[in-house]
1. Would a scan of the range 516-528 turn up a residue that is within 45 Å of the chain's Cα centre (by Cα) and either closer than 30 Å to D214 by Cα or in a helix (DSSP H, G or I) (or both)?
2. Show me the strands (runs of 3 or more DSSP E) found entirely inside the range 358-443 where at least 2 residues are out of contact with any Leu (no Cβ under 6 Å at 6 or more places or on another chain) and free of Cβ contacts under 8 Å to residues at least 60 places away in the same chain.
3. Looking at (1) charged (D, E, K, R); (2) in a loop (DSSP other than H, G, I, E, B); (3) surrounded by 17 or more Cβ atoms within 10 Å (Cβ to Cβ), find the lone condition where K353 falls short.
4. What number goes with the only condition from (1) hydroxyl-bearing (S, T, Y); (2) over 17 Å from I333 (Cβ atoms); (3) touching a residue at least 24 places away in the same chain (Cβ under 8 Å) that T266 does not pass?
5. In this structure, does I504 turn out to be surrounded by 15 or more Cβ atoms within 10 Å (Cβ to Cβ), out of contact with any Ser or Thr (no Cβ under 7 Å at 6 or more places or on another chain), modelled with pLDDT of 90 or more and in the same structural domain as F409 (by TED's automatic domain parsing)?
6. Yes or no: D424 among the acidic types (D, E) and more than 41 Å from the chain's Cα centre (by Cα)?
7. Does L511 count as touching a strand residue (DSSP E or B) at 6+ places or on another chain (Cβ under 8 Å) and either farther than 27 Å from I479 by Cβ or in a helix (DSSP H, G or I) (or both)?
Amino acid sequence: MARDSMTHGPNIIHPEKASAVGSRNSMNRDSRNEYEESKLLIDEEVDKVLNHIQAKLPPEVLEKLDVMGSVKSKLHNYFNQNFQNMYNRYLVTMEDELAKKVRDLVDKEEYRNLNRYTPREIAEILDKIGGMDKFNTGEVEKSIVNIYGHLQGHIQRGVYELENETNALLRQKTDVGAFVRGENSYAIAKCSFKSNFFKPKTVMDVKLAINILDAELASPIYHYQIPVDTIVRDIVSKHVHEQIETDIKELNMTLLDEGKEELTDTEVLFEKIKSLDNYVEDDSTNEQSKRYQFVAKRFMDKISGLGAEIDPADYDPLNIRENVKRIIDNDNIRNRGFNTAINSLTSILDTSKMGYQHIENYKNARECIIREYEDTDVLNLPDERYQIRLSYYDHEQIREMRNTFDLQFEELRREILKVVEVTDVLYQDNKKAKGIKDFDDVAKQYLHGVGKRRGWFSSRMDEETEAGQPKLWNEVVFIAPTPSSGEEQNKTNVHIVEELRKRIIKCKKTLHDVYKNQHPTDRTIVESRLGFLERKFEEFESLINPYHILPGLLLEIDITSVKRKRFTMMGMANVLNEFLYSVSKGFQDAAFAAFSRRRSTERSDIAQTFEAVE
């Protein structure tokens, strides 16, 4: 059967088989007799010629011609031969063209079905449509990327929810790992869990801060007030580093072609530094300087100090600076990064069923505040709620925040120590009134008392007192080590915070020991002041220490959730992971990203050959 089917294929060559190449017969004719049809046509043509001859020649000539015999047969054979040749050539040509068209049509339908149901390369499909020069594939590619992006987002959200629920069941408690996991854990600047002040048994408050550095942002963020020349310099600098990366890759390829080893990480670093001479230069006054090979000096001089806005009275659309600013504004470089972060956060909140009733987007200040409820009074809000504050800070802003943080911390410390001093005075007055003795009284009596025998220790104390030696240990916390220069620039204030906490506890205990169950006016006033300062101190401690953050995007989240439900907390965990995935590139270690075999690990016995070992 297979052999018979092969004899009827479209590429068979035979003079008589129907539809074969070179055949006189065609299957398209069905039961029609082509010889009878051609004979009818030939006889008609021969009769026309004979009638024409009989009409033109005189009778005496016709009598001498054998019209019914030789002339007619010759004409008939002549027409028959030429007609058959033309007819057969026509049929074969038409069948060949028809077979090609049919095969192309079948191939097209087969490809269409394959492209519809099998994952083929997008570039191949678009190339079959017409190629890049005939068909613009940009919009199709964007649509496909968006489709895959949305699909991946939905799948990833479901996986995060499953992971969150599973981890919560396994841990049987709530911890920091419930929010940010895996490769984005380093971004956490602060996370604290504590019981709610009004409902400590059933509700908890969560403070979370995530710091995404400038180098880790997928799209760079600029302040609205930043000058145009700064943006241009950043763009040129980025282009220079891309050129350097290209040069390093070409150098590595050259080394590989020569049979040598690739550059190590240290060598790559030095090559990058040496390559800077080809693109940058410190001389900013010379127009021929290499720093102006991408943007001419006259353009940089024109846009120097140009901000985000131009006074309408000075605006001239034909000036150089206005047109350079327009190019930057058309590319939306100034607003692109922060707008991308806002759009990503709001879209994730919408699709994650984490709705919000209040949003304030301070575009020029690069700050956005999102609250689930508009009201800010905690007494009127439900137990499941959240607040998000997304801000971008540069070096100058962080420096001012650190100065303010130091001032506020010092004021709180001074006020708390004032209450401690008042509590000590109340304690001393109570001792005198009731005749109570403590260790200080006994030590004073025996070590500094009049008429008592004074030993070596009392004389040593007198010497230290006369020398003005200060008391180093305050008996509340141990003596802290002297901070280094690095610690001075990055203050943690851990020892001071610990001291203040213990002093507040000690003050409460002292007041209780002095007054017991009595509540005079002095005790009520001091305890009220102490409670107020304690709440403010806890509130200040929950804030982000500006010494612990770096320039970049800061995401602050305040969550209040029921301890047994934790709906808002688990939903916000999914939002955070998806937001970090879309906005941040993540921590990148160049040593692992561009890992190659080190020369120190090269072994000569690995390369085996058949040569004799010397």
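1. no
2. Hits in the range 358-443: 358-362, 367-371.
3. With (1) charged (D, E, K, R); (2) in a loop (DSSP other than H, G, I, E, B); (3) surrounded by 17 or more Cβ atoms within 10 Å (Cβ to Cβ) applied to K353, the lone miss is (3).
4. With respect to (1) hydroxyl-bearing (S, T, Y); (2) over 17 Å from I333 (Cβ atoms); (3) touching a residue at least 24 places away in the same chain (Cβ under 8 Å), T266 is out only on (3).
5. So I504 fits the description; yes.
6. It is true that D424 is among the acidic types (D, E) and more than 41 Å from the chain's Cα centre (by Cα).
7. No: the conditions fail for L511.
Here's the yes/no breakdown for (1) modelled with pLDDT under 80; (2) not in a helix (DSSP H, G or I):
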residue: I310; (1), (2): yes, yes
residue: D314; (1), (2): yes, yes
residue: L318; (1), (2): no, yes
residue: I328; (1), (2): no, no
residue: R334; (1), (2): no, no
residue: T340; (1), (2): no, no
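The values are calculated or read from the model by the stated rules, or taken from the named source; none is laboratory data. Given the structure is predicted, the values throughout are model-derived calculations rather than measurements. For neighbour counting, all protein chains shown are included, and Cβ atoms are generated from backbone atoms with ideal geometry for every residue, glycine included.
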